[in-house]
Every structure is written in structure tokens, then in C-alpha cells.
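Scroll down for the structure; my scribbles are underneath it.
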Amino acid sequence: MSTAPRFDIDVKTFWADPYPDLAMMRKTAPIAYVPQLGSTVFTRRDDIFVSEKRIDVFSSHQPAGLMNTLMGHNMMRKDGDAHMSERTAMFPAVSPRTVRDTWRRQFQIHADRILEQLVPAGRADLCKAFALPLSAECLKDITGLTNMRYADMDAWSQAMIEGIANYTGNKDVEARCHAATAGIDAAIDDMIPVLAKHPNSSILSALLAAGQPMESVRANVKLAISGGQNEPRDAIAGTIWALLTHPEQLARVTAGKAKWIDVFEEYARWISPIGMSPRRVAKPWSFGGVDFEPEDRVFLMFGSANRDEACFDEPDNFDITRDTAKSIAFGAGPHYCAGAFASRAMVADVALPSIFARLRGLRLDRSEPVRIGGWAFRGLLNLPVRWDGDQP
């Protein structure tokens, strides 16, 4: 076990709002052993930025980890050549060119259709009525699993996310995760003969065309779903909420004094939908005055890094004029998020400008509080709003 100083947390409080504990760790014990998580936690940005690149020490390869056990051995849990071969096979489906030439147009079609149905209502929970279906419909296209219902895409993604963060070993959570992965496997099986005859730009088509082993294909499609649904969904809803609660910044972007991408990047820093990433210590190592032993587990806390006072002025504030160059919301090393270009296009190019253009007078519905949850994967649980034309 590492020699890091011990830092105790209240798990329930940490789940609801991890930032106070993380701020205290950054100040008093930037590398700390948290017994409630069974891991040594890195909280400062520069320590994480350096350590994430040391895959020879802080390895993503975790044979007994929850992701491998529940979802299969995907590229996120591999290092070096094994990681790069699978990442290279997937890249044509999520490259900047494919996002620009193929997916952005599809994203806009989905957004326009959903908003056309939504506009007359005058009120909605935008998490469920807009962010969820938009993210899921876009992900169906990107993965190639267009035979799925968008509701299943969201539910199965959430079940996997909860499964791989199930460090307390809840059996019900584990069972839901197994049911989700079985459903995805069935959807993949149905689409394989279709894509064999009609290949397209999707992840499934690209992996099959590259001759990847089926166990790798299945694992990496599940990886794309586990991260590609909840993170854009939460970023869409979250950025809308952030702007509605910071009207002076909404006025700035709608007046053309800031860009939608500025909003997205600042929200991703401020809330960090991917709050942390686990690593396995591969060899004896010393860092920051702490000694590590092989098989120690480490959590790189991106959510803490992105609020590090040493890198960001007033980091707890949402400020779209901020320089976010030091943000590591998408990671910092060889495991930098492969879906980053698609996420930026979905949220900044399509979702935000579309919803503020179509829902005139958009405002929070104060009859219900906005709730936010999670720590490893953080985002809004609801977003009740109203807009012009609403009936009392």
C-alpha cells in the first residue's frame, strides 16, 4: 500500500458534492489515501498531467478491474501498442474529418427533429426531453447500432457507468450492468451482417473492416457507449443550466462576444463530467514524497485538477472568458478521449446554438429544484425549464 497520508471522507456527502473534500486534499494532502474509496487519490492538476503519461508506472491495464470484468478488455484498459492498435482501428469513425463531413450533419438533423416536437410544449425537463435523446440518437449513428432504441442506449450506458463505479460491490448494480452488456451484444450481432453488406462511417463498421477480434470489437463498442452517451448528455444539459444561472454570460455569447465552444470548454472544466480515472501501479515508484507498491490503485481526479487554484483563478466560478488551456477534462496522455471531437461538435456546434435559437425566452422552472449527482461521472439529474408560449 502507498505511504500517502490518510484522508477520510463521508461517502454520501462526497457523492453529492466532492469539491469541498477535493479542495481540502489539494491544500493539505494532494496525494492522499482515501480508505472509503480503497485508493490513493491525486488531486493537483500538474501531478495528474505528469503522472497520466507515465503508463509504465500508472498503468491503465487492470485485469481485475471493474471495467474489464463487466464490459470486456477495451482499449481504455490497455497501454502501449495494444492500446494504439485498437485506437487506430477506431479513429476513422471519430476523426475530425469524419465528424465534420458526416456526423455534424446527422447531429443537426436529430436536434432539429427533437426540437420541432418540443417547441409547442412550452415546458420540459431538458435532461430527459432534449439532452438524453439527442445524445443517444447521435451515438446510435456513431456506433453503428441504429437498431437500438434511444431509451435503451441511455439506460444501458447508465447501467455500465454505474457498474464500473460500483466500488462497494452492490449486486443489483452489477446485475443491471450485465443485462446492459448482453443487450448491446445482441444489437451488435444483429448489425454485423447489415454492415458487412453496407459498410459506413460508424465505429462498428470501422472495427470490423480493420479485422479486429470480436471480443475487442464488442468491448470497444461498449466503451464508446459507456462514455459517449452520459458525457455529452450531461454536458448538453449542464451547459444550458450554467448559462441560465449566469445570464450575463448567456448575453455575452448570444451577442457574439464569446463562442459556443468557449461555453462548452469552460463547463467541461468547471463540472468535469469525467470526474476521475483509475490506474494500477505497475512497479515500485516514488512521487510527491509518497512511495507506491505494485498493484496499488490510484485515482486521477480530473474534477479536482480542473479546479486547481494553482492553474485557474477563482476556479469554482463558471466564466466563459477564462483561458481553459490547462483543463484536462478529456485527459492528458495517450488515453486522451477519442470522442472529444464528436462531443465538441454535438454540444458546441449543434445542441447549444439550436436550443437557444428555438426555445425563445428559455428560463428555469423554479417549481422544481435542479439536482446534480455523481463524483466519478458527474452531471445534472434534471433540468426543468419553461419558454415563451407556455400556458399557466
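I need a count of the residues in the range 266-302 that are open to solvent by 10 Å² or more (accessible area, probe 1.4 Å) and either free of Cβ contacts under 8 Å to residues at least 60 places away in the same chain or farther than 30 Å from ILE236 by Cβ (or both).
Number satisfying all stated conditions: 16.
Just need a number here: residues in the range 207-232 that are more than 18 Å from HIS73 (Cα to Cα) and either modelled with pLDDT of 95 or more or part of a helix (DSSP H, G or I) (or both). Break it down into steps so the answer makes sense when it comes.
First pass over the range 207-232, keeping only residues more than 18 Å from HIS73 (Cα to Cα): 209, 229-232.
Those left that are additionally either modelled with pLDDT of 95 or more or part of a helix (DSSP H, G or I) (or both): 209, 230-232.
Total meeting the criteria: 4.
Just need a number here: residues in the range 233-257 that are assigned to a loop (DSSP other than H, G, I, E, B) and touching a residue at least 60 places away in the same chain (Cβ under 8 Å).
Just the residues of the range 233-257 that are assigned to a loop (DSSP other than H, G, I, E, B), to begin with: 245-246, 255-257.
Next, from what is left, pick out any that are touching a residue at least 60 places away in the same chain (Cβ under 8 Å): 245-246.
Total meeting the criteria: 2.
Which of the residues spanning the range 351-392 are under 27 Å from TYR167 (Cα atoms), in contact (Cβ under 8 Å) with a residue 24 or more places away in the chain and among the basic types (Lys, Arg)?
ARG378
Condition first: open to solvent by less than 30 Å² (accessible area, probe 1.4 Å) and among the small types (Gly, Ala, Ser). Now tell me which residues in the range 130-162 satisfy that.
Answer for the range 130-162, where residues must be open to solvent by less than 30 Å² (accessible area, probe 1.4 Å) and among the small types (Gly, Ala, Ser): ALA131, SER135, ALA136, GLY144, SER157, ALA159.
Being crowded, with 18+ Cβ neighbours inside 10 Å and charged (D, E, K, R): is that true of GLU116 here?
It is false that GLU116 is crowded, with 18+ Cβ neighbours inside 10 Å and charged (D, E, K, R).
State yes or no: is ALA159 closer than 22 Å to MET276 by Cβ, under 18 Å from the mean Cα position of the chain (by Cα) and aliphatic (A, V, I, L, M)? Before you say what the answer is, go through the steps one by one.
Working: closer than 22 Å to MET276 by Cβ: yes; under 18 Å from the mean Cα position of the chain (by Cα): yes; aliphatic (A, V, I, L, M): yes.
Spelling it out, ALA159 is indeed closer than 22 Å to MET276 by Cβ, under 18 Å from the mean Cα position of the chain (by Cα) and aliphatic (A, V, I, L, M).
I'm told ASN317 meets every condition in (1) of a type in the set (S, T, N, Q); (2) touching a helix residue (DSSP H, G or I) at 6+ places or on another chain (Cβ under 7 Å); (3) open to solvent by 10 Å² or more (accessible area, probe 1.4 Å) except one. Can you identify the failing condition by its number?
Going through (1) of a type in the set (S, T, N, Q); (2) touching a helix residue (DSSP H, G or I) at 6+ places or on another chain (Cβ under 7 Å); (3) open to solvent by 10 Å² or more (accessible area, probe 1.4 Å) one by one, ASN317 breaks only (2).
I want to confirm something. Restricting to the range 169-193 and keeping residues that are open to solvent by 40 Å² or more (accessible area, probe 1.4 Å) and touching a residue at least 40 places away in the same chain (Cβ under 8 Å), which single residue is farthest from VAL11 (Cα to Cα)?
ASP190
Name the single residue, out of those in the range 342-377 being in contact with a Pro (Cβ under 6 Å, 6 or more places away or on another chain) and at pLDDT below 95, that is least open to solvent (accessible area, probe 1.4 Å).
So, considering only residues that are in contact with a Pro (Cβ under 6 Å, 6 or more places away or on another chain) and at pLDDT below 95, the one least open to solvent (accessible area, probe 1.4 Å) is TRP375.
Taking the range 32-57 only, how many residues are among the basic types (Lys, Arg) and either touching a His at 6+ places or on another chain (Cβ under 9 Å) or open to solvent by less than 30 Å² (accessible area, probe 1.4 Å) (or both)? Before you say what the answer is, go through the steps one by one.
Restricting attention to the range 32-57, the residues satisfying the condition of being among the basic types (Lys, Arg) are 44-45, 53-54.
Retained after the next criterion (residues that are either touching a His at 6+ places or on another chain (Cβ under 9 Å) or open to solvent by less than 30 Å² (accessible area, probe 1.4 Å) (or both)): 45.
Adding up the residues that qualify gives 1.
Between GLU248, GLU215, GLU231, GLU293, which is of a type in the set (Asp, Glu) and within 22 Å of the chain's Cα centre (by Cα)? It would help to see each step written out before you state the result.
Values: GLU248 fails: within 22 Å of the chain's Cα centre (by Cα); GLU215 fails: within 22 Å of the chain's Cα centre (by Cα); GLU293 fails: within 22 Å of the chain's Cα centre (by Cα).
Result: GLU231 is the single residue among GLU248, GLU215, GLU231, GLU293 that is of a type in the set (Asp, Glu) and within 22 Å of the chain's Cα centre (by Cα).
Of the residues ARG149, ARG123, ARG105, which is at pLDDT 95 or above, of a type outside the set (Phe, Trp, Tyr) and in contact with a helix residue (DSSP H, G or I) (Cβ under 9 Å, 6 or more places away or on another chain)?
ARG149
Out of everything in the range 12-31 that is under 21 Å from the mean Cα position of the chain (by Cα) and open to solvent by 10 Å² or more (accessible area, probe 1.4 Å), what residue ends up being nearest to VAL41 (Cα to Cα)? Step through it out loud before you land on a result.
Step one: of the range 12-31, the residues under 21 Å from the mean Cα position of the chain (by Cα) are 14-19, 22.
Pick out the ones that are also open to solvent by 10 Å² or more (accessible area, probe 1.4 Å) and you get 15-17, 19.
Numbers: TRP15: 15, ALA16: 18, ASP17: 16, TYR19: 13 Å.
Applying the filter and picking the extreme gives TYR19.
Residues in the range 207-227: is at least one of a type in the set (Ser, Thr, Tyr), open to solvent by less than 10 Å² (accessible area, probe 1.4 Å) and farther than 19 Å from MET67 by Cα?
no
Looking at (1) open to solvent by less than 10 Å² (accessible area, probe 1.4 Å); (2) within 22 Å of the chain's Cα centre (by Cα); (3) of a type outside the set (Ser, Thr, Tyr), find the lone condition where HIS61 falls short.
(1)
Just checking: which of the helices (runs of 4 or more DSSP H) contained wholly in the range 1-92 hold 2 or more residues that are charged (D, E, K, R) and in contact (Cβ under 8 Å) with a residue 12 or more places away in the chain? Explain how you work it out, then say what you get.
Values: elements: 11-16, 19-28, 45-51, 66-71.
By residue number, 19-28, 45-51.
Here are ASP141, ASP112: which of them is under 11 Å from SER354 (Cβ atoms) and in contact with a Ser or Thr (Cβ under 8 Å, 6 or more places away or on another chain)? Outline the logic, then answer.
Details: ASP141 fails: under 11 Å from SER354 (Cβ atoms).
Every option except ASP112 fails the conditions.
The values are calculated or read from the model by the stated rules, or taken from the named source; none is laboratory data. Just so we're clear, the structure is a prediction, and the values are computed from it rather than from any experiment. Positions of Cβ are backbone-derived with ideal geometry, glycine not excepted, and every protein chain shown enters the neighbour counts. These accessible areas exclude ligands, DNA and RNA; they are computed on the full protein's heavy atoms, side chains included. Shrake-Rupley method; radii C 1.70, N 1.55, O 1.52, S 1.80 Å.
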